1. Defining a contact as two alpha carbons under 8 Å apart and six or more residues distant in sequence, what relative contact order in percent does the stretch 123-217 show?
2. Report, in deg cm²/dmol and to the nearest 500, the calculated mean residue ellipticity at 222 nm for the chain, where each DSSP H run with n ≥ 4 adds -39500 (n - 2.57) and the sum is divided by the residue count.
3. For the stretch 73-252, what is the percent of antiparallel DSSP beta bridges, rounded to the nearest 5?
4. If I model a spin label as a point 7 Å beyond the Cα along the Cα-Cβ vector, how far apart are those points for TYR40 and ASP116 in nm?
5. Mind scanning LYS167/LYS201; LYS76/LYS167; LYS123/LYS153 and naming the pairs with a C-alpha gap bigger than 24 Å?
6. On a 0 to 90° scale, report how tilted helix 73-87 is relative to the longest principal axis of the chain, with both axes built from alpha carbons and the result rounded to the nearest 10.
7. Just report the Cα centroid separation between the stretch 72-114 and the stretch 37-52, whole Å.
8. Tell me the angle of helix 52-65 to the major Cα principal axis of the chain, expressed in degrees between 0 and 90 and rounded to the nearest ten.
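The values are calculated or read from the model by the stated rules, or taken from the named source; none is laboratory data. Note that the structure is a prediction, hence the values are computed from the model and not measured. In this analysis, Cβ positions are derived from the backbone assuming ideal geometry, glycine residues included, and neighbour counts consider all displayed protein chains. Accessible surface is based on the protein model in full, side chains and every heavy atom, while ligands, DNA and RNA are left aside. Shrake-Rupley method; radii C 1.70, N 1.55, O 1.52, S 1.80 Å.
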Amino acid sequence: MEERRKLYHKYPSMRKLEEMGDAYVEWNDGREATLIRWIYEHPQFPSMRNNPDVICAAMDEFAAQSDFLINIGPDKGQKVAALIAETKPTVFVELGGYVGYSAILFGKALKEAHKDAASSDAKPVFWSLEADPLFAGIAMNLVDLAGLSDVVKVVTGKAADSLARLKQEGKLSSIDMLFLDHMEEIYHIDLQVVESLELLKKGSHVVADNVLRPGAPEYREYVRKHPKLETWAIPGLIIPGEFGDEIEVSKVIE
């Protein structure tokens, strides 16, 4: 009981989740619109412009104090950011941008990974694909506020359709890092779409969030049996709260 009280003190929003159980709605109930208004009314708003870290911290604050947000959160997010720093992808594509948290966090990491690149090198680009036009609009707003519009491009529409269109238009010829964070039950289906479009190459990485909670068993089975992928798990925490999860990382080996 004492641990539970400490959890509620640190993350008041968790009380709703615990008390309502299966009746609790985690997203698309108006909290996303509330979030953007809350950010613009935040006492620290003047310091948010061109400051991705402050914006992400404010979103974490909202998720802990007001309503849970289905973002990757700081714990798992920093682990993916470290992978970006290590592998230095040039073209990053995420499926499921939601309200822009990961686009801001990873867009900053992508930009920093290439800060010492020669002017003649290919410029990094982060494609954030989001099906819901309301969420995509919020993400665009926050990406602009973070000063990352030169790197992050938000695309509205279903992931499979957007991938095919970007490939057809010549805007996307290959992917160095693919991040799956939309509907877990179609992770493996959309990965197969990416493969059919021949967007992955040797050395590309595929990163999937929430493979334990809420879970992506079909995806895990697919990548772990895939002859061209080397796959491993990175443990992480869902924030707010101390609930365990894993990130599945796969590297194309041939």
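1. After rounding, I find 26 percent.
2. Estimated from H runs of four or more residues: -13500 deg cm²/dmol.
3. Details: 14 of 32 bridges.
Around 45 percent of the beta bridges assigned by DSSP in the stretch 73-252 are antiparallel ones.
4. 4.1 nm
5. Where the Cα-Cα span goes over 24 Å, the pairs concerned are LYS76/LYS167.
6. Compared with the principal axis, the helix lies near 20 degrees.
7. Spelled out, the Cα-based centre of one part sits 21 Å from the other.
8. Its long axis makes an angle of about 40 degrees.
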